[in-house]
1. Of a type in the set (S, T, N, Q), modelled with pLDDT of 90 or more, assigned to a loop (DSSP other than H, G, I, E, B) and over 21 Å from Leu200 (Cβ atoms), is that true of Ser392?
2. So how many residues does region 441-455 have that are surrounded by fewer than 20 Cβ atoms within 10 Å (Cβ to Cβ), under 23 Å from the mean Cα position of the chain (by Cα) and among the small types (Gly, Ala, Ser)?
3. State whether the residues of region 399-407 include one that is part of a loop (DSSP other than H, G, I, E, B) and either free of Cβ contacts under 8 Å to residues at least 40 places away in the same chain or of a type in the set (Ser, Thr, Tyr) (or both).
4. Counting just the residues of region 408-442 that are assigned to a strand (DSSP E or B) and of a type in the set (Gly, Ala, Ser), which one comes out modelled with the highest pLDDT?
5. For region 323-332, give me each residue that is buried (at least 18 other Cβ atoms within 10 Å of the Cβ) and farther than 13 Å from Ala398 by Cα.
6. So which residues in region 209-223 are touching a Leu at 6+ places or on another chain (Cβ under 9 Å) and either crowded, with 21+ Cβ neighbours inside 10 Å or modelled with pLDDT under 90 (or both), if there are any at all?
7. Restricting to region 246-288, name every residue that is farther than 23 Å from Thr304 by Cβ, open to solvent by 10 Å² or more (accessible area, probe 1.4 Å) and outside any loop (DSSP other than H, G, I, E, B).
8. For region 333-381, which positions are open to solvent by less than 30 Å² (accessible area, probe 1.4 Å), over 19 Å from Asn283 (Cα atoms) and of a type in the set (A, V, I, L, M, F, W, C)?
Amino acid sequence: MSISRETRICATKSERRERSSRRLTLLFCLAAAVSLMGLSKTSAWFGDLGGRWSAAPVKEGESVVRNSRPLMTPKKTAAGAQTGLSQDPEGNPNLTAQTCTVNCTATVPTTAQPNAQVLFQAIVEATGCTATPTFRWNFGDGSPVSTTQNPSQSYSLAGTYQWSVTASVASGASQIETVAGGLGEGNPSTQATIQEVPQLARDPLGRGVFLIDSTNEFFNLRFINTSNTAVTLAGVTIAPGVIRSIAGGGASTDDGIPARTADLAVVTGLAVNPAGSLVYLLNSTDGLLRAINVSSAAVTVNGTPLDSGRIRTVVSGIGQGVNGLAVHPTNGEIFFADATSSVNRVFKVNASGALTPVVGNGAATLLTDAFVPGAATSIPLLIPRAIRFDSSGNLFVADTGHGRVIRVDGSGNATLVHQFAVGPQVINAFPSGLAHFGGSIYSANGNQQTITRLGAQGGATAVAGQAGVSCD
């Protein structure tokens, strides 16, 4: 039985680059989908030194490679070439290209039976390299990663699974320090370079703003100090008006490591607990909900103390369609939205990491289906992309696929806040971001390119942007 006749590969993928004092790692990833008990279509992408890639669905029987940007950008080393340090005649360090090149391909069956062993094979050609390639397989079902070159894996349930393999080679180069340029680390925030910001979270203590800065190489968690005094977060002191990186930039997803050496992968959700001591983020690449202790003392996470400046997984094995993250303003409970096909729910995470669905019933639905108020767990959602609490603990959900925003009160009852126009001849406004400010809920609408203030009586007032007019 086939779950889907066309396999949709997730739109974006971020590669990882290890940055340590002893080595540089060049990563080359190949990703595709394994469909169990049915027909499968394959999409794949290759990356350069940490680019983000997108793959489009392909027709039955096709296998294509598509990327959203050129393989190289002018300021990057040639794809596959490692980089090291040498000295000029005066003893000053120079950055030189070495002759190590890496090419990676993978072979995986496109179909298999449940509980049958599926063989995953990686072929790596490393030319001129001084180290042996290492591997990291993610099977897409929440199971532990494998570091063997040709592992096997069985899937217990029929469905479509997205897998990925990362091949790495260490160069043995010394540490490279930035002496000019860079990403504005430690500079006044008004003078710093910020690339793409997919996620923002306000510090509940009023010290500033947490943000995810997505570059060509990795996702960084940074903090802008908007207060008048210095702030120390995760062991990093941030002067007033200055932006600093406090997590990300590494190559490991292990627990208990310093957050600044961690690989945050693709971050699709960001939130802070009421005490301002824990920052939560969603890693959609590996299906992880993670916590970073930004306070100066140990904080209990899942019943175990987490030291200052360290990162830990709170929940694993969640779908790659997770998009929204929020923390209850008083009790600190964590909520996230999962827009993965056939899931379409909002979950609450308890103190031990167990999940409880609180909004959505997972039923298949059409974008034009009308909203029916009632118990939040009985209503269908379609691609929920954002969630937000108000100060009273009411949960607002962007039911993006249906073009509406709903409200769930403390008793679990759902009511409609606003319904944008939907229909065969109407472009869905696509509400995909929510904010609560001054007693009002604001919606960021991707297709309209607008921000609207949603009134208590169901009205919507555009406060930024013009519907149908794209940005410059």
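1. yes
2. Count: 1.
3. Yes, that holds for at least one residue.
4. Among those that are assigned to a strand (DSSP E or B) and of a type in the set (Gly, Ala, Ser), it is Ala414.
5. Within region 323-332, Val327 is the sole residue that qualifies.
6. Phe210, Ile212, Asp213, Thr215, Asn216, Glu217, Phe218, Phe219, Asn220, Leu221, Arg222, Phe223
7. Once the filter is applied, which keeps residues that are farther than 23 Å from Thr304 by Cβ, open to solvent by 10 Å² or more (accessible area, probe 1.4 Å) and outside any loop (DSSP other than H, G, I, E, B), region 246-288 yields only Thr268.
8. Within region 333-381, Val359, Ala376, Ile379, Leu381 meet the criteria.
The values are calculated or read from the model by the stated rules, or taken from the named source; none is laboratory data. Owing to the predicted nature of the structure, the values given are computational and were not obtained by experimental measurement. Virtual Cβ from ideal backbone geometry, glycine too; neighbours counted across all protein chains shown. We work out accessible area using only protein heavy atoms, side chains counted, and drop any ligands, DNA or RNA first. Shrake-Rupley method; radii C 1.70, N 1.55, O 1.52, S 1.80 Å.
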